[in-house]
Amino acid sequence: MAKTKDKNKTINIKYRKAEFEYFLLTRYTAGIVLTGTEIKSIRAGKASFTDSFCSFTNGELWLHNLHISHYLAGSYNNHEPKRDRKLLLTKRELRKIQAKLNEKGFTVVPISLYINENGYAKVDIAIARGKKMYDKREAIEKRDNMRTMNVEL
């Protein structure tokens, strides 16, 4: 009997602080270059975006500090957990992102990591501008108001 894959199990790892710390302007979906044990760890949900960021090196976009835990059955073939990973985008998208980054105050922030319907790992990234402290206070107040409205209903 052939094994059936569970299509209902979705992996979606989010960087929750991104919307709190940045104004997300333009979103892109990028592929990511991974090794065998890295994709297995992601499928197990063992990844974290803490302190991760994107930068350009030699015209290529790289994701830094994305922590993907060791795969338990990986033996000596395991990967380095916080290695730099290349993001795959079209040349047109890379040019647009790089032009925006040359302006003052903009950065590229990873938002989420997921496995698409074809089984490929994808990263959602956004061009973002940092929030000031008063902007964060407004976001907290708005969130608290939404909570109180939901409790009253």
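Protein-only accessible surface at a 1.4 angstrom probe places the residues 70, 79 in the order 70, 79, largest first. Comparing 104, 17, 46 in a Gaussian network model of the chain (Cα springs below 10 Å), the most mobile by mean-square fluctuation is 104. Would you work out which of 20, 107, 62 lies farthest towards the positive end of the dipole of region 1-132, given +1 charges on the beta-carbon of Lys and Arg and -1 on that of Asp and Glu, about the Cα centre? After comparing all options, I get 20.
Taken over the Cα atoms of the chain, the convex hull encloses 162 Å³ per residue. When the chain is treated as a GNM with alpha-carbon contacts under 10 Å, the residue of 29, 57, 107 showing the greatest mean-square fluctuation is 57.
Comparing Cα centroids, region 17-44 and region 61-116 end up 7 angstrom apart. For region 17-59, the square roots a ≥ b ≥ c of the C-alpha gyration tensor eigenvalues yield an a/c of 1.5 or more together with a/b not exceeding b/c, which makes the shape oblate. Among 117, 19, 38, the largest mean-square fluctuation in a Gaussian network model of the chain, built with springs joining Cα atoms closer than 10 Å, belongs to 117. When shorter helices are ignored and each DSSP H run of at least 4 residues is given -39500 (n - 2.57), the per-residue value for the chain at 222 nm works out to -8500 deg cm²/dmol.
Placing unit charges on C-beta atoms (Lys and Arg positive, Asp and Glu negative, everything else neutral), compute the dipole magnitude of region 1-92 about its Cα centre in debye, rounded to 20. Write down the numbers at each step before the final one.
Details: 17 positive and 8 negative charges, 92 e Å.
My answer is approximately 440 debye.
Its relative contact order, with pairs defined as Cα atoms under 8 Å and 6+ residues apart, puts the chain at 31 percent.
The values are calculated or read from the model by the stated rules, or taken from the named source; none is laboratory data. Bear in mind the structure is a predicted one, so any value in this text is a computation, not a measurement. Reconstructed Cβ throughout: ideal geometry from the backbone, glycine too, with neighbour counts over all protein chains shown. In case anyone asks, the SASA skips ligands and DNA or RNA and just uses the protein heavy atoms, side chains included. Shrake-Rupley method; radii C 1.70, N 1.55, O 1.52, S 1.80 Å.
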